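**Q** Take a look at the following structure, please.
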Amino acid sequence: MEFGFVLPRTTKGQDLCDFARKVEDLGFGSVWAPDHIVIPLDETSQYPYTHDGKFTVSPSDPQLDVLVVLSYIASSTNRLKIGTSVIIIPYRNPILQAKMFSTLDVLSEGRVICGVGVGWFQQEFEALNAPYTERGNATDEYLEILKTLWSSSTPEYEGTHYNFKGIGFEPKPVQGSIPIWVGGHTKRAIRRTVKYGDAWHPTRQTPEYVSKMMDYMNEYCAEIGRSPDEITISLKRTLHFTDMGIDLSDRIQSDAALISETSKVISDIQKCADLGIDQLTFDFQATNVNDCIKVMEHFADQVVPQL
């Protein structure tokens, strides 16, 4: 099983680089950054991953641009995969997004993962003049555009929102086509994964829920003629050990967070492996960068050897 870690929420570049290098030194596979551009001041009840719909992020929390952060991290690491978890595809012009990802993949020598989502925060869509009610259809179209621009020597596209032909798009990604990891927990997300993705990357779900939805994925793969073996299953949750002396913060906890003593964390991850989950991505309940590193070191020292 592969493991990745979300970058801590800080504006100190040195801390971000130190964290990423620690991920690399410990032998883990990837670092990830989330995507929010503005956080409206009014409290939301739309967040799908808490019981009352409240968002775990405050408007006062720093929201660095996801692709700028990953570019910064790429220059201080050598082998780590660097991924978006997840970039909200309808927020940005898809041709510009394709260029940004391709550029990052070239400069990082093929280390980029394009984790994508449709988004949920209506006020953020409105502030960006992005298509909230049509975000699902827009996401599908934009993914088609990304894949076309990354793979075709003479890219052409005719869709609802964008049309183009007779253009050149260089450089192409080093990887040929950047892996697309599709976020979301619904059947629509599953269908999107099977049609466009290389991995299903749900967040804030239990292993049992993921396993249940994998049955639907297998059915849809059979329907459209794709092998499920081509699709990585990745689950993202919050990680916190209750037996290592780091207090829980007052941050709102998301659903299905893995907050427990070490032995139970080991059992949970073994269950994930048994259910067919290939990769786990963790963010942190701790807010201090040094505490996040300690949690990750504890994971490497006490959990990984038992798996």
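The values are calculated or read from the model by the stated rules, or taken from the named source; none is laboratory data. No experiment lies behind these values; they were computed from the predicted model shown. Every residue, glycine among them, receives a Cβ derived from its backbone with ideal geometry; neighbour counts consider all protein chains shown. Remember, those area values only see protein heavy atoms, side chains included, never the ligands or the DNA or RNA. Shrake-Rupley method; radii C 1.70, N 1.55, O 1.52, S 1.80 Å.
**Q** Taking only Cα atoms of region 1-135, what ratio of Rg to Rh do you get with Rh as the Kirkwood inverse-distance radius?
**A** Taking Rg over the Kirkwood Rh, I get 0.98.
**Q** Hey, what D do you get for region 153-307 in µm²/s if you plug the Kirkwood alpha-carbon radius into Stokes-Einstein at 20 °C and 1.002 mPa s?
**A** Estimated diffusion coefficient is 119 µm²/s.
**Q** Another one. Given the options Leu96, Leu280, Leu258, which has the most mean-square fluctuation in a GNM of the chain, springs set between C-alpha atoms less than 10 angstrom apart?
**A** Judging by the Gaussian network model, the answer is Leu96.
**Q** Let me ask something else. On a C-alpha basis, how far is the centre of region 260-307 from the centre of region 60-83 in Å? Whole number, if you could?
**A** With region 260-307 and region 60-83 each reduced to a Cα centre, they are spaced 22 Å.
**Q** Per residue of region 252-269, in order, report the coupling 6.51 cos²θ - 1.76 cosθ + 1.60 (Karplus, θ = phi - 60°) as ³J(HN,Hα) in whole Hz, putting x for Gly and Pro.
**A** 4, 8, 7, 5, 6, 4, 9, 10, 6, 6, 4, 4, 6, 4, 4, 4, 4, 5
**Q** Could I ask something else about it? Would you mind computing Rg(Cα) / (2.2 N^0.38 Å) for region 55-112, counting N as its residues?
**A** Its radius of gyration relative to the 2.2 N^0.38 Å reference: 1.23.
**Q** Could you tell me the distance between the Cα centroids of region 201-243 and region 170-185, to the nearest Å?
**A** 19
**Q** Pull out the extension gain between Ser151 and Glu134, defined as 0.36 nm times the separation in residues minus the alpha carbon to alpha carbon distance; nm, one decimal.
**A** 3.5 nm
**Q** To the nearest 20 Debye, how big is the dipole of the chain about its Cα centre, given +1 on the beta carbon of each Lys and Arg and -1 on that of each Asp and Glu?
**A** Computed charge dipole of the chain: roughly 460 debye.
**Q** Using helices alone, what [θ] at 222 nm do you get for the chain, with -39,500 (n - 2.57) per DSSP H run of 4 or more residues, divided over all residues and rounded to the nearest 500?
**A** -11500 deg cm²/dmol
**Q** When ligands, DNA and RNA are left out and all protein chains stay put, how many square angstrom of accessible area per residue does region 25-157 have with a 1.4 Å probe?
**A** Here the per-residue accessible area is 42 Å².
**Q** Given the Cα atoms of region 13-88, and with Rh set as the inverse mean 1/r over their pairs in the Kirkwood sense, what is Rg to Rh to two decimals?
**A** Rg/Rh: 1.05.
**Q** Can you compute the modelled spin-label distance between Glu261 and Thr103, with each label point 7 Å from Cα toward Cβ, in nm?
**A** 5.1
**Q** Turning to a different aspect of this structure: Using a basic spin-label model with each label point 7 Å from the Cα along Cα→Cβ, how many nm lie between Asp278 and Gln175?
**A** Computed distance between label sites Asp278 and Gln175 equals 1.1 nm.
**Q** Using a Cα-Cα cut-off of under 14 Å, which aspartates and glutamates could be cross-linked to Lys212, ignoring same-chain neighbours fewer than 8 residues away?
**A** Candidates past the 8-residue exclusion: Asp274.
**Q** Could you give me the ³J(HN,Hα) list for region 179-190, computed from phi with Karplus coefficients 6.51, -1.76, 1.60 and θ = phi - 60°, whole Hz, x at Gly and Pro?
**A** Once θ is set to phi - 60°, the couplings for region 179-190 become x, 10, 10, 9, x, x, 10, 9, 5, 4, 5, 4 Hz.
**Q** Name the most mobile residue of Gly183, Gly168, Gly245, meaning the one with the largest mean-square fluctuation, in a Gaussian network model of the chain with Cα contacts below 10 Å.
**A** Of Gly183, Gly168, Gly245, the Gaussian network model singles out Gly245 as fluctuating most.
**Q** On to the next question. Work out Dmax and Rg for region 62-172 from the C-alpha atoms and quote the Rg first, both in angstrom.
**A** In Å, with Rg to one decimal and Dmax whole: 14.5, 41.
**Q** Another one. More than 29 Å apart: what percent of Cα pairs in the chain qualify?
**A** Cα-Cα pairs of the chain separated by over 29 Å account for 34 percent.
**Q** What's the carbon and sulfur percent of region 64-192's accessible surface, probe 1.4 angstrom, rounded to a whole number?
**A** 51
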